[in-house]
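Beneath this line is the structure, given in structure tokens, with notes to follow.
The values are calculated or read from the model by the stated rules, or taken from the named source; none is laboratory data. Given the structure is predicted, the values throughout are model-derived calculations rather than measurements. All Cβ positions, glycine included, derive from the backbone under ideal geometry; neighbour counts span all protein chains shown.
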Amino acid sequence: MSARIYQQIYKKSAGSSLLEMLMALLLLSVVALGLLLVQGRLLISSSSADLQAQAVQLISNDYHALRNFDDNQKRSYRLALSQIASSATTLQEYRRAAQAPRMDCYQGCSADAYAQSLAIQTANAAAQANVVITAITCPSGYCWVAMWGSAAFTGYDCQARLASTASADCLIMGGL
């Protein structure tokens, strides 16, 4: 009697372990896909954070150098930085524009030429880091704008974007 009962139970449960296994495999694949999506988003966020840190470092270096400049030198710096950025529509053109002007201030040059040289060096370093740095007029006077990724050359309005939400692809720093 007991053998017959076991056979009936076995026949009724035949295939259920296969179904359980398929459900477990489906659940495992959904979890793995979710982990891959999270990892991809973290990678993008990390890349943007690296670019932002590089932009902040470049601007910070210039901020400290510009503290001792007079108004004419600051104007020369802003003009050179803005001309380099406005002459390009792609990152490759920005790199070429930043490398085109050559100024040798090691042998001595005027104060304005030194300011332009600093702007050229900053644009070169920014281009190597895949960042575009320019100068704009802002409510507090003049500001640096750094953009990277899709914001760099798409007519992107960093000021408007930052006014409405936090942006992951540009920053504005005052003090220029």
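At-a-glance table
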quantity: Options Leu51, Leu58: the member that is at pLDDT below 85 and closer than 19 Å to Ile172 by Cβ; calculated: Leu51
quantity: Residue selected from region 93-110 under the condition farther than 16 Å from Thr122 by Cα and not small (Gly, Ala, Ser), by the criterion modelled with the highest pLDDT; calculated: Cys109
quantity: Cβ pairs under 6 Å, 6+ apart, first in region 90-110 and without any contact (Cβ under 8 Å) to a residue 40 or more places away in the chain, second not hydrophobic (A, V, I, L, M, F, W, C) and not in a helix (DSSP H, G or I); calculated: Ala97/Ser87
quantity: Qualifying residue in region 109-121 (condition: of a type outside the set (Phe, Trp, Tyr), within 20 Å of Ala55 (Cβ to Cβ) and under 19 Å from the mean Cα position of the chain (by Cα)); calculated: no
quantity: Filtered residue count, region 116-129, keeping only those that are under 10 Å from Leu81 (Cα atoms) and not hydroxyl-bearing (Ser, Thr, Tyr); calculated: 6
quantity: Residues satisfying the stated conditions in region 25-76, i.e. touching a strand residue (DSSP E or B) at 6+ places or on another chain (Cβ under 8 Å) and of a type outside the set (S, T, N, Q); calculated: Leu51, Ala55, Val56, Leu58, Ile59, Asp62, Tyr63, Lys74
quantity: Residues that are polar (S, T, N, Q) and either touching a helix residue (DSSP H, G or I) at 6+ places or on another chain (Cβ under 8 Å) or modelled with pLDDT of 85 or more (or both), drawn from region 16-48; calculated: Ser29, Ser48
quantity: Asp157, sole failed condition from (1) of a type outside the set (Gly, Ala, Ser); (2) at pLDDT 85 or above; (3) under 27 Å from Gln92 (Cβ atoms); calculated: (2)
quantity: Residue pairs meeting the criteria (Cβ under 7 Å; at least 6 apart or on separate chains; first more than 22 Å from Trp148 (Cβ to Cβ), in region 52-73; second hydrophobic (A, V, I, L, M, F, W, C) and part of a helix (DSSP H, G or I)); calculated: Ala65/Leu118; Phe69/Ala115; Gln73/Ala111; Gln73/Ala115
quantity: Restricting region 111-146 to residues that are polar (S, T, N, Q) and under 18 Å from Arg75 (Cα atoms), the residue that is modelled with the lowest pLDDT; calculated: Ser140
quantity: In region 94-112, the residues that are in contact with a helix residue (DSSP H, G or I) (Cβ under 8 Å, 6 or more places away or on another chain), of a type outside the set (Phe, Trp, Tyr) and outside any loop (DSSP other than H, G, I, E, B); calculated: Arg95, Ala97, Ala98, Gln99, Ala111, Asp112
quantity: Qualifying position, being part of a helix (DSSP H, G or I) and more than 23 Å from the chain's Cα centre (by Cα), among Asn72, Asn61; calculated: Asn72
